Amino acid sequence: MRRDFADRDELIRYLKVEFADATALDDHVSSTRGGRAAAERTLEKIDPPRYAATRNNLRGKVSRLSAYIRHGVLSLAEVRDKALDMVRSWRDAEKFVNELAWRDYWQRVYAQIGDQVWIDREPYKTGFAASDYADDLPADIEHGTTGLVCIDAFSQELRETGYLHNHARMWLAAYIVHWRRVKWQAGARWFLTHLLDGDPASNNLSWQWVASTFSHKPYIFNRENLERNTERAYCKICPLYRRCDFEGDYASLERKLFPRKPVDEDWGDRFPPARRNGRKGGRR
Amino acid sequence: MSELIVWVHGDCLSPTNPALAAYQDAPAIFVFDEALIASWRLSLKRIVFIYECLLEMPVVIRKGDVAEQLTRFAERHEARRIVTTPSPSPRFKEICAALQQKFELEIIASEPFLDYSGKLDLARFSRYWQTAKKHLFE
Ligand SMILES: Cc1cc2nc3c(=O)[nH]c(=O)nc-3n(C[C@H](O)[C@H](O)[C@H](O)COP(=O)(O)OP(=O)(O)OC[C@H]3O[C@@H](n4cnc5c(N)ncnc54)[C@H](O)[C@@H]3O)c2cc1C
């Protein structure tokens, strides 16, 4: 294939022809540039202490290194060393290195279980069986027309940029699995189509973590949590403000979303009896 | 003729790729795995990102069936050995198995994030982290 292009536009025109099927799925191009030079510029801007203090906020100081790390443009070891070099005490980089470790962890699990990342690691701990969840992603989510300003914005950002902040991924995944009762696999496939950092390990296993098929409880959120961590950006202009699906405290949301789940049920880190013999905790 | 070729794949798209670094004069190739792109339903933006990475690397770029393209490239260079970097993906294992029918395969890893070869409990992140933390910050 060609290597000589006058500019990015020419490259994009060429790739649209060479990869017509991928282009037909979605023809957006991210403003995130590929390449080691761009990766190094992004790496120079990390700020581990501020990361620890602000990472849950959508405007927080996250690194945006994921696509480079995913494709080995930067190794996890290089990023770890850079973070540790920037701080006086390792404690000031601990949170950032801990998040890098999540990637290492998912990769190690992937090396063990391979394509089984597509299969529920454990049953849902929501009171529902897998068969209670729909197979396909609803079109209003895919097209960003649910009417929920936050969800629609995340859907659009995913398609247009190939990147979402970690908290937005968690909210969007929880909405799909727990509010719309759709199988996590449908959401995971959708993310893989669009994420520049998409990989079956971090992506699928994070979806399973949200769904509760690889964690001891389902992840949910409420409007207050989203509003606080987005500087009100979405809530402030949402016609559904204070009457949206995410309104309420966690206890009442749990009762509404998981009516069949016993309130005092404590799965802890244990596994349901059926899985306890022979196959232990997430290992083959 | 060259003894070996370097195979660059999507998990190590850096000019510092250790296989490239070890054999700087060897012909190197990247192949877009068309079947994988179709089965993962990847869209254009990912292809552009990967392509931009490749343009900073000394590689020949192809698309199609990976094992087939590598075989053709190696045969044209009369190479008996293929050198690459590791990947946890099952697809990588399949391709390696196919290549090993005909070629010697060498896999060179870059420095690991966690340099620890003892037992790691992967049942939950918290258990992994207990062990990892000690080795990362010692
Ligand atoms: C539903 C869902 C799907 C996800 N899919 C992917 C995916 O396909 N690929 C992917 O790389 N990450 C995925 N993540 C994890 C995480 O959201 C992204 O890695 C992170 O948001 C990327 O932004 P950043 O580079 O600014 O991260 P930062 O917060 O700056 O973190 C630095 C680096 O650490 C790693 N990292 C951080 N958090 C995680 C995490 N929870 N799991 C794994 N690695 C992490 C990434 O390599 C990241 O680039 C997913 C999370 C969820 C909830």
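The values are calculated or read from the model by the stated rules, or taken from the named source; none is laboratory data. Owing to the predicted nature of the structure, the values given are computational and were not obtained by experimental measurement. Cβ atoms come from the backbone with ideal geometry, glycine included; neighbour counts cover every protein chain shown.
So, A:Val109, is that one at pLDDT 95 or above and assigned to a helix (DSSP H, G or I) or not?
Working: at pLDDT 95 or above: yes; assigned to a helix (DSSP H, G or I): yes.
Yes, satisfied.
Flag set for B:Ala21, criterion: closer than 24 Å to A:Val79 by Cβ, more than 10 Å from chain A (Cβ to nearest Cβ), surrounded by fewer than 17 Cβ atoms within 10 Å (Cβ to Cβ) and of a type in the set (A, V, I, L, M). A:Val62 meets the conditions (1) in a helix (DSSP H, G or I); (2) more than 7 Å from every other protein chain (Cβ to nearest Cβ) in every case but one. The failed one is (1). Could you check region A:162-213 and list, in sequence order, the residues that are of a type in the set (Gly, Ala, Ser) and in a helix (DSSP H, G or I)? Result: A:Ala168, A:Ala173, A:Ala174, A:Ala186, A:Gly187, A:Ala188, A:Ala201, A:Ser202, A:Ser206, A:Ala211.
Taken over region B:121-132, the residue count meeting the criterion of being more than 7 Å from every other protein chain (Cβ to nearest Cβ) and under 17 Å from A:Leu205 (Cβ atoms) is 3. What number goes with the only condition from (1) more than 11 Å from the ligand (Cβ to nearest atom); (2) assigned by TED's automatic domain parsing to the domain that holds A:Arg103 that A:His71 does not pass? Every listed condition holds for A:His71 apart from (1). Scanning region A:115-136 for residues that are buried (at least 18 other Cβ atoms within 10 Å of the Cβ), within 11 Å of chain B (Cβ to nearest Cβ) and away from the ligand (no atom under 16 Å from the Cβ) gives a single hit, A:Glu122.
Taken together, A:Arg41, A:Arg64, A:Arg50, A:Arg3 contain a single residue that is modelled with pLDDT of 95 or more and touching a strand residue (DSSP E or B) at 6+ places or on another chain (Cβ under 8 Å), which is A:Arg3. Taking the condition within 11 Å of the ligand (Cβ to nearest atom) and under 19 Å from A:Tyr241 (Cα atoms), does A:Ala168 pass? Yes.
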